[in-house]
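Each value in this text was obtained by applying a stated rule to the coordinates, not by laboratory testing. Values in this document were obtained by computation on a predicted structure and should not be read as measured data. So basically every Cβ, Gly included, is an ideal-geometry build from the backbone, and we count neighbours across all protein chains shown.
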Amino acid sequence: MAEELTIGFVGNPNCGKTTLFNAYTGANLKVANWPGVTVEKKEGRFQYHDREYRLVDLPGTYSLTSYTMEEQVTRQYILSDDVDVIIDVADASSLGRNLYLTLQLIELGKPVILALNMMDIVEKRGMEIDTHRLPEMLGIPVIPVSARRKTGLDILMHAAAHHKDHKHDIPLIHHHGEDEPQTLQTKHRHHHHSEYAMVYSDELEDKIDLVIDALRAKYPDLQNYRWHALKLLERDKEITAQYPVDLPDVLDRSYEKDIINQKYDFIDEVIQEVLVNKDRKAAVTDKADRFLVNRWLGLPIFLVIMALVFFLTFTIGDWLKGYFETGLELFSGGVRGGLESLHVPAAVISLLVDGIISGVGGILTFLPNIFILFLALAFLEDSGYMARVAYVMDGIMGRLGLSGRSFIPMVLGFGCTVPAIMASRALENKRDRYKTMLITPFMSCSARLPIYVLFSQMFFPENAMVVAFSLYVLGLVVAVLIAFLTHLIDKKHDREDTLLIELPEFKAPSAHTIAIYVWEKVKDYLTKAGTTIFLASIVMWFLLNFGPSGYSTDMGSTFGSVLGRWIVPFFAPIGLGFWQVVVALIAGISAKEVVVSSCAVLFGISNVTTAAGMSSLMATLGGMGFGALNAYCLMTFSLLYVPCAATLATIKKETGSWGWTGFVALFQIAVAWLVTFLVYHVGLLL
């Protein structure tokens, strides 16, 4: 078998790079962190024509001038010797914006292949790309593909294998002559148009040659002299520190803007020659964006879309949940009957049925609701809508001292807070990252959904969806208010930069990409049910069945009741002065779903999510004086108080600070208490 070929997938954000990567690897991928940094690393393997391919999906970047942690990782990996071939994935429908990165990659002198993705969108817009002329102008293979339709995939891999050892196997044909604009004519002593795709003005080329000569003399083992010379002319901090040269007359200022402008001049020339019927048809995206990114309509439309998501989550999810509840009821009843017929001790039956099956099973019945929520979020993300949400929020977030990009982790927080916290690393400014990590846990993650579903259906049966949606809005409002307060305190660090974000073409989401996304999230949910919630249910059962005198069927004399009653005075002013509720909230720190499973164990209801179970729980709570207002306070506190253990661990990992992690936990408890206090006492007045 031939040696392994390592291919790095590079591209602008939202170019379809990950969809293409998934089309090759499917679920056969490995996710880890890059060595030394907390940036996610995706790898996949597959075989093609007896060759083993190792694919690496690199974080999205607009250029090799790196600012964020993710962009730095992409640049460092491309510069390393680990990658054999670079596949530059470009959105063919926005070719001009994507070619800037392509030109930078070509200048590295490594094997590069341009994969023109989303060619189906180009065709729909009535445009054509001359795929014969484009390789002549760039000097690299150009392969049209559609990651969504999975077309052109075999040809792309064949080109990668063939191009591995052939950096310059396509002749450059620029056609620069006397009829060309003055800026493109050259009398330079070197005929660079036959050597390089990107050729600069004579003044710049002279400086590049002088810097290359100095680099060769001082660093004889250095590779990619031209790229390093360009970076020195741009005054790139990293390259200037690593490879200083003494050329004060040549490196007299930063030539970054000159280099950028001349690159875009060449890109304009390329687009003129290779893109046919560019303006034939107005894109559907442009028409939709008149409304979706409108200053006044953008935010209301986002709220309506999210309301629709929760409508589907409740209506379709609850319909499917009914079948899960019936199955759980039959299963737990059968297990209890079987164990009793075998004369198993009552304590063991209670542990298995009231502890494990009731705790874990109760959470699993919410799987349809979770599935619908993740399906909707995956659809919005893959269609290109989420980038528009960040754009719409840029003005609001700017007034809070944050970038619209900070809203992306907040939106991801509707799914799970852990990847949302990790997404904050895409922010350039450290203060922005820390502020974003402070407010993102206030978003309603999917783990809180079981709490909303259970208590809203019990106490607000006619308006369950509205009540649940109000909590999502409340979390967003609290996050915005906290961001505003921190901005007032931190005024001296006002932001001056604006949001730069790609608004991708709207496209039909890829069923394959959505399936992988949803499966990964559902798998995480099931894994949590089989580990964290399983163990938490057992611990909770022991706390509620054992006391100072040993095993007891009287829950009031157990360790759990002692702990709960000790903390009750803290919760009484916010309408949660019930030791059982206190214990459930403490257990919820392990995972928010555990609040529901703990209620099942605390009140001895094996099928708490069924109609009979909810009726029984509501009657028990009502007998304690726990009503609709208390239920809303419980949901409010669950929304805002200390995030789950996995989130706290992620914050520690991202910041490297136990102090900041502890501050976030205590801060959220304080905010949760204050907001719930206001809700409870306003509710009493009403």
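General observations
- Between 0 and 90 degrees, the angle of helix 202-218 with respect to the longest Cα principal axis of the chain falls at about 80 degrees.
- Förster-model FRET efficiency, 60 Å R0, THR620 and THR151, C-beta, rounded to 0.05: 0.50
- Entry for the chain at q = 0.07, 0.09, 0.12 Å⁻¹: log10 I(q)/I(0) = -0.57, -0.86, -1.29, Debye formula applied to identical alpha-carbon scatterers, no solvent contribution.
- Averaging over all projection directions, the Cα-based convex hull of the stretch 272-361 occupies 12.3 nm² in the image plane.
- Semi-axis lengths, Å, the stretch 614-686, gyration tensor of Cα atoms, sqrt of 5 times eigenvalues: 32, 15, 7
- Helix 69-79 vs. the chain, principal-axis angle (Cα, 0 to 90°, nearest 10): 40 degrees
- Cα gyration tensor, the stretch 380-475 - rounded (a/c under 1.5), prolate or oblate: prolate
- Antiparallel bridge percentage (DSSP; both residues within the chain; nearest 5): 45 percent
- Global form of the stretch 319-422, assessed from the alpha-carbon gyration tensor, a/c cut-off 1.5: prolate
- Axis angle, to the nearest 10 degrees, between helix 628-640 and the longest C-alpha principal axis of the chain: 30 degrees.
- Tail weight of P(r) past 16 Å, computed on alpha-carbon pairs of the stretch 54-169, percent: 61 percent
- Placing unit charges on each Cβ (+1 for Lys and Arg, -1 for Asp and Glu) gives the stretch 254-337 a dipole about its Cα centre, and among VAL304, TYR264, VAL335 the Cα reaching farthest toward its positive end belongs to VAL335.
- Averaging over all projection directions, the Cα-based convex hull of the stretch 578-627 occupies 3.2 nm² in the image plane.
- Its Cα gyration tensor gives the stretch 203-320 an equivalent ellipsoid. The semi-axes, each the square root of 5 times an eigenvalue, are 51, 22, 14 Å from largest down.
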